[in-house]
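Remarks on the structure that follows.
Where a number appears in this text, it was derived from the coordinates with a stated rule and is not lab data. Source: prediction; values computed, not measured. So basically every Cβ, Gly included, is an ideal-geometry build from the backbone, and we count neighbours across all protein chains shown.
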Amino acid sequence: MDLGGKNVVYLGGFGGIGKKCVQELLKKQIKGLAIFDLIVDDDLLAEWKKLNPDTEVFYQKVDITQKSDIDAAYKATAEKLGHFDVVVNGSGLLDDRLIELTIQINLVGVINSTLTALEYMDKSKGGKGGLIVNISSVAGLQPTPLMAIYSTSKTGVTTFTRAMASPIHYAHSGVGFITICPGYTNTGILKDIDKKTTFPFYETRMRTVFSKVKGQTVEVCAQNIVHAIETAKNGAVLMLELGEIHELDIPNLWNPQLDDCVFVCLS
Ligand SMILES: NC(=O)c1ccc[n+]([C@@H]2O[C@H](COP(=O)([O-])OP(=O)(O)OC[C@H]3O[C@@H](n4cnc5c(N)ncnc54)[C@H](O)[C@@H]3O)[C@@H](O)[C@H]2O)c1
Ligand SMILES: CCCCCCO
């Protein structure tokens, strides 16, 4: 999608990856940018507004565990911008001690944000269509024993987003979906990992190598997220690893058998 003149909503826009994504998005002559987040950096927000006078940049406080916050923020954004073309669900928590909160933020919050945004974007409901980008993780592509709860939440994000990208849904709503799965990216989420694993001090092979795993810079991750927004097709699952974008082809593992054929479950 050409981002020039578009309206973007970014959830988690003051986080490590979020801040850099916002800075990359602001280079694309977007028309409006709504930053939803639990926290705000007032100085950074003021700087973004000052440096981008032709873009309407504003902040909405949102606790993504509160559906009422999500509803209010999207309503206010629709009133301010008229419509929005791109939504990035980029909030997240990595702390397996906090089971319910991990699921609430990483999965239920993304689901609620997605379904609320769809109410405004869905062509069949008077919307203009658009693109919803859900940030999963490499931990959302395969089981990650070191942080099993986080991995579960992110696997849910990957599966939910792929289901939303069904050709049937897309034909109906005109809203495309892509899943972004970053590898290690140098932000605070990876710090103090021993306090955030499923089992404290439980030596897994991953824990042994955790501090030696190669990571990518936040800047290159953000650049690739924005490149994906501009170029990826509906349904793409993109692993962003060490500065590269790998489009993944995840096979169907089950296709229902009918009396006279195998029904391929693509929608
Ligand atoms: N850094 C990595 O290695 C990495 C790798 C793969 C995926 N990710 C994912 O990328 C996204 C951004 O992560 P990050 O590395 O920038 O971490 P971060 O901790 O810097 O940012 C997390 C963001 O989520 C927001 N958030 C947390 N709880 C919230 C709540 N209740 N309501 C609203 N917002 C809330 C924070 O305010 C912050 O803006 C997350 O979804 C994370 O799981 C990160
Ligand atoms: C072991 C997987 C680490 C995932 C990074 C945060 O999504």
* Asked: Which of the lysines could a cross-linker bridge to Lys125, judged by Cα under 26 Å and excluding same-chain residues fewer than eight apart?
  -> Lys6, Lys31, Lys67, Lys75, Lys80, Lys233
* Structure fact -> Phi-derived 3J(HN,Hα) across the range 154-163 with the Karplus relation (6.51, -1.76, 1.60, θ = phi - 60°), rounded Hz, x for Gly and Pro, is 6, 4, x, 4, 4, 5, 4, 5, 5, 5
* Structure fact -> Between the alpha carbon centres of the range 142-164 and the range 63-128 the gap in Å comes to 18
* Asked: Roughly speaking, what % of Cα-Cα pairs in the chain are separated by over 27 Å, rounded to a whole number?
  -> 37
* To do: Kindly write out, for the range 75-87 in residue order, the coupling ³J(HN,Hα) from the Karplus curve 6.51 cos²θ - 1.76 cosθ + 1.60 (θ = phi - 60°), rounded to whole Hz, with x marking Gly and Pro.
  => 4, 5, 5, 5, 5, 7, 9, x, 7, 9, 9, 10, 10
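Between the DSSP loop rule and a limit of at most 15 other Cβ atoms within 10 Å, which trypsin sites (Lys or Arg not before Pro) in the range 40-114 are left?
When the trypsin sites (Lys or Arg not before Pro) of the range 40-114 are filtered for loop state and at most 15 Cβ neighbours within 10 Å, Arg97 remain.
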* Proximal lysines to Lys214, defined as alpha-carbon separation beneath 24 angstrom and excluding residues fewer than eight positions away on the same chain -> Lys19, Lys20, Lys154, Lys191, Lys195, Lys196
* Applying the Karplus parametrisation 6.51 cos²θ - 1.76 cosθ + 1.60 with θ = phi - 60° to the phi angles of the range 36-49, what ³J(HN,Hα) value in whole Hz is obtained for each residue in order, glycine and proline being reported as x? -> 9, 6, 6, 10, 9, 10, 4, 5, 5, 4, 5, 5, 4, 5
